[in-house]
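Heads up: the structure comes next, in structure tokens.
The values are calculated or read from the model by the stated rules, or taken from the named source; none is laboratory data. Here the structure is a predicted model, which is why all the values come from computation and not from measurement. For neighbour counting, all protein chains shown are included, and Cβ atoms are generated from backbone atoms with ideal geometry for every residue, glycine included. For accessibility, only protein heavy atoms count, side chains too; no ligands or nucleic acids. Shrake-Rupley method; radii C 1.70, N 1.55, O 1.52, S 1.80 Å.
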Amino acid sequence: MANDDPNPYYRDTPTAPETAASAGVEEIGTAACWKLIEANSLGRLAIQSIDGRPDLFPLNYLVHEGSVFMRSAPGTKLRSLARHPDVALEIDGVDGAFRWSIVIRGHATRMDNDADIEASGVLTLESRSPTAKHNYVRLVPDTVTGRRFRVRSSSSTRRTGSSSSASGRRAPDEHVDHGAPGMRTADKPQPIPHLPPWGG
């Protein structure tokens, strides 16, 4: 069967899409996730707001007996949790040569038992927010997942702008328009010379 492609040699060679594994992204085991969670105290709580739209709150937290505890002031967050208790908490950071991110998905409720509040230790949790926070929330995890990848040095990142050397000069193989007629340039091609129509 004849090849219908007139120029098969000019076709782009298909490349396999980059996967998380090929990019160097690693899964973090559950036990290692909890060690990172316990070693940190700042996360981002993702909730479904009372108007049905997603919302995000940075907050401080602590871990006690497999649950995550947070403080909150009265307002949108507590009203949303009462109606939509399914939430996600994201924590991230840098550990040596790796960047990591952990997501806890679970059920968050406002605590109303004084003994449970005191036993959790949340009363000693310090918040970086200046507003008073006298409401306490417990997040019971359903799943805990984490991923990490090695931090790339600036020299190994891809160049997105014009190619240049470390000294700031252009690469020697780059065509530069110096205004000379007929010189090939990278971004301003010269017009094709032509003759006027023959008048007979």
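Here the simple spin-label model places points 7 Å from the Cα toward Cβ, and for Thr145 and Arg44 these points are separated by 1.7 nm. The orientation-averaged shadow of the Cα convex hull for segment 50-132, equal to a quarter of the hull surface, comes to 6.8 nm².
Just to make sure I understand: if all protein chains stay in place, what is the order of Ser80, Ser129 by accessible area at 1.4 Å, largest first?
Ser129, Ser80
Remark: spin-label model distance Thr76-Ala132 equals 2.3 nm, labels positioned 7 Å along the Cα→Cβ axis. The charge dipole of segment 63-108, taken about its Cα centre with unit charges on the Cβ atoms of Lys, Arg (+1), Asp and Glu (-1) only, comes to about 300 debye.
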